[in-house]
Amino acid sequence: MYRRTIFTCLLLWLIATNANASGFGVFTQGAKGLGQANAVAAHPTGASSLYFNPALLTTLSGRQFEIGSTAILTDRTLSSSASGLSYEGDNDWKTPSTLYYTEEHGRLAAGIGLYFPFGLATTWPASYEGRYISTSADLFSLNINPVIAYRVSDRLSLAAGIDLLYLSAELQNSVNQVFAGFAVPPALGGPINDPTMPDVRQRFDGEGWGRGLNLGLTYRFNDQWTLGATYRSPIDVKVDGSASFDQVDPRLALFFPATTGSADIHLPAQATAGLALSITPELTVELGARWEGWSDFDELRINLDTPVLGQSASVTPRSWDDTWAVNVGGEFQLTPTVTLLAGYLYGQNPVPDSTFDPSIPDSDAQLLTVGSNVTLNQWTLALAYGYEFHRDRTKNNAIGDPLDPGGLNPASFANGQYSADIHLVAFSAGYAF
């Protein structure tokens, strides 16, 4: 059962970071997009439109290159209802980055993007109440996204691309070795009742590849109104990994074998739409929406290569919900070289109360952004700041120590109030030639 903790936390981490409206949301696909709260599906942001809507590449001229990075800091707190103590998540600044290259040849445009959609990490104190669920997680990812776009007419453009997604993750949490000793059968010298045994520290490292496709469309009704829409298919990733254990009592070594395992992750389909209005030649405003198909995530099945406590597989119910996000953003051409950016986003979270836990302390979120874009000859420089505030959420369920099905240690539930906010500072540099 403790093996289920490793793989469950890992896979839920991967999924949560994919949810843009969650506490692990990553708005890092381009500084100009972040400055408008990603309400940029219907008007271009330069080469980074390859991510936001590849059909917009037909509006770009010649060849364009863009590189950027975002500094992200998450402030997360748990106020325990069992002990009254407060625990701070230890989060360092993370800097996921982006790189885009595009070319336009008449009606045809193409490009490739490399970006890191899952570049965050979180750590809870080693002694906090939820340590048997999760203590830390670190995730690296790389999405390789070649695309092609075609201008069918002066009004309509279409695009298609391929997502090649690599995931690498490290997860750590504790195992209640005292409860593990109770499970030792008499034939193997148990049960072992030794309250002095420390927690086992376990670590999982895993990686995998997945493939998907993405589509884009833009339609210009007239010189003022433009519609943009995108679709990203589900991506199935097989994560293969291995687990290691520290501080294992020699009497329990048989029950903590180093093992490998795997699980299939189904990342959901996503669809976005935006309607842009050019109010004046200097001012463009866009209203957008995004849907994510989280209701496909009913359960998590983990297959173990070496049985643990007699188990070779584990099924964990999730019962997540589809989510919606709405956003509005715009840009104002202050001078021939300086553009001002601003935006707002509200996003739902997919995790119901029944499966909420500290590995994914998710809640509905609001994002406020501002930024600026400066054009200097062939160079375009963008800087943006975003503040993402998450609604406080209370955990009040029996999810806790997986080796304690009888609820003998309710403090391990880590019930209480979870609070989080995120600061994002993005910079990008583009060059047209």
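Give me the residue from segment 115-141 that is under 17 Å from Arg203 (Cβ atoms) and aromatic (Phe, Trp, Tyr) and, out of that set, modelled with the lowest pLDDT. Out of the qualifying residues, it is Phe140. For segment 20-71, taking the residues that are under 18 Å from Ala432 (Cβ atoms) and polar (S, T, N, Q), the one that is modelled with the lowest pLDDT is identified as Ser61. For segment 390-407, a tally of residues being within 18 Å of Asn349 (Cβ to Cβ) and either crowded, with 18+ Cβ neighbours inside 10 Å or touching a Leu at 6+ places or on another chain (Cβ under 8 Å) (or both) returns 4. Does Asn173 satisfy being in contact with a helix residue (DSSP H, G or I) (Cβ under 7 Å, 6 or more places away or on another chain) and crowded, with 19+ Cβ neighbours inside 10 Å? Taking the combined requirement at face value, the residue satisfies it. Residues in segment 287-308 that are under 24 Å from Ser233 (Cβ atoms), assigned to a strand (DSSP E or B) and either out of contact with any strand residue (DSSP E or B) (no Cβ under 8 Å at 6 or more places or on another chain) or among the charged types (D, E, K, R) (or both): Arg290, Glu292, Glu299, Arg301. Within segment 179-202, if we keep just the residues that are β-branched (Val, Ile, Thr) and closer than 12 Å to Arg251 by Cα, the residue that is modelled with the lowest pLDDT turns out to be Val184. When each of Val351, Val285 is tested for being under 30 Å from Arg220 (Cβ atoms) and either surrounded by 15 or more Cβ atoms within 10 Å (Cβ to Cβ) or at pLDDT below 90 (or both), the lone residue that passes is Val285. From the list Asp264, Asp236, Asp199, the lone residue that is closer than 30 Å to Asp138 by Cβ, touching a Gly at 6+ places or on another chain (Cβ under 6 Å) and touching a residue at least 12 places away in the same chain (Cβ under 8 Å) is Asp236.
Selection of segment 322-358 for residues being of a type in the set (Val, Ile, Thr) and either part of a loop (DSSP other than H, G, I, E, B) or touching a Leu at 6+ places or on another chain (Cβ under 6 Å) (or both) yields Val328, Thr335, Thr337, Val351. Condition check for Leu142 on (1) of a type outside the set (Asp, Glu); (2) assigned to a strand (DSSP E or B); (3) in contact (Cβ under 8 Å) with a residue 60 or more places away in the chain; (4) within 19 Å of Ala47 (Cβ to Cβ): one failure, at (3). So, Ser168, is that one in contact (Cβ under 8 Å) with a residue 60 or more places away in the chain and either on the phi > 0 side of the Ramachandran plot or small (Gly, Ala, Ser) (or both) or not? No: the conditions fail for Ser168.
The values are calculated or read from the model by the stated rules, or taken from the named source; none is laboratory data. Since we're looking at a predicted model, the values are computed, not measured. Methodologically, a virtual Cβ is constructed for each residue, glycine included, from the backbone with ideal geometry; neighbour enumeration extends over all protein chains shown.
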